[in-house]
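K.L.:
The structure is given below, and queries will be raised subsequently.
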Amino acid sequence: MCTLLIAAAALLIATGARATVVDLITGDSGTITNSYGTATFQFTQPQPTGTGVIKPFLRVQADPSEQGYNTSGGTPFDDKAGPWTHNLTFADLMTTAVTIAGQNYFKLLLDINEPGGSKSTVTLNQLQFYTSPIGSQTTTNVSSLGTLRYSFGPGDLVNMDAARNHGSGSGDMYAYIPVSAFAGTASSDFVYMYCAFGGTDFQSQGGFEEWALVVNPIPEASTIFPIIGLLAAVFSTQFVRRRQLQQVSK
Ligand SMILES: [Ca+2]
Ligand SMILES: [Ca+2]
């Protein structure tokens with residue numbers, strides 16, 4: 001028994017595996033560091049909701065726990081049908097890139113919807129990103145979605161309180177996911193973001209939780225390209241062209 005414990009402890013130290021609980025109920029931000037890198041989670045108040053600012057790509061809703069991933073193929077797990085649950089490509093995700101203190105992140109917005117009173121809290125138990133050349137998947141075997149790029153480790157979670165923002169809106173949290181975890185991803189690859197809420201510390205209830213891309217108004221291609229060093233040069237050209245076309249069309 002003792003030998004087993006020592007072996008387990010050695011494994012934990014070797015892998016740096018240590019569960020992190022980010023408290024956004026009383027705190028304003030926190031980080032989770034694991035083998036995929038360091039992700040930051042930050043409380044935010046409602047954002048402007050003009051067209052092109054908030055673009056949900058995944059809505060999930062169930063009671064007392066819920067899970068799902070974005071796809072245009074259907075509604076696996078607790079996905080909500082409709083235009084705001086759909087495929088994403090890596091090129092889409094790249095439009096959210098920001099640099100903070102020299103580190104590059106993809107920036108996402110989460111809006112939680114929970115009842116008032118004692119039921120306003122909810123736990124984000126898992127957040128994973130997979131990439132694959134195949135879009136519109138509907139499998140319930142999440143690990144088969146593609147290449148796992150980012151994941152919470154065992155026990156990692158974020159606790160939130162919808163009551164920190166009044167009514168429905170486009171708060172409540174920014175997630176900053178390390179770009180370095182996606183090295184080698186093709187721009188045309190599909191990105192599946194899997195999330196699970198409720199059941200660990202605080203249950204999911206009320207309306208749907210929704211995730212949106214936070215599209216960076218200022219292209220940061222010059223800072224992101226050294227990180228995605230494995231991308232083909234042809235993509236770089238396409239990305240710049242896309243940007244130029246997008247700016248022309250605005
Ligand atoms: Ca909310
Ligand atoms: Ca909810």
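K.L.:
Return the Rg/Rh ratio of region 42-180 with Cα-based radii and a Kirkwood Rh.
P.N.:
Here the Rg-to-Rh quotient is 0.94.
K.L.:
For region 119-220, what is Rg from Cα atoms divided by 2.2 N^0.38 Å, rounded to two decimals?
P.N.:
1.20
Any read-out appearing in this document is the output of simple, stated calculations on the displayed coordinates, not a laboratory observation. Treat the numbers as computed from the prediction; the structure is a model and nothing was measured.
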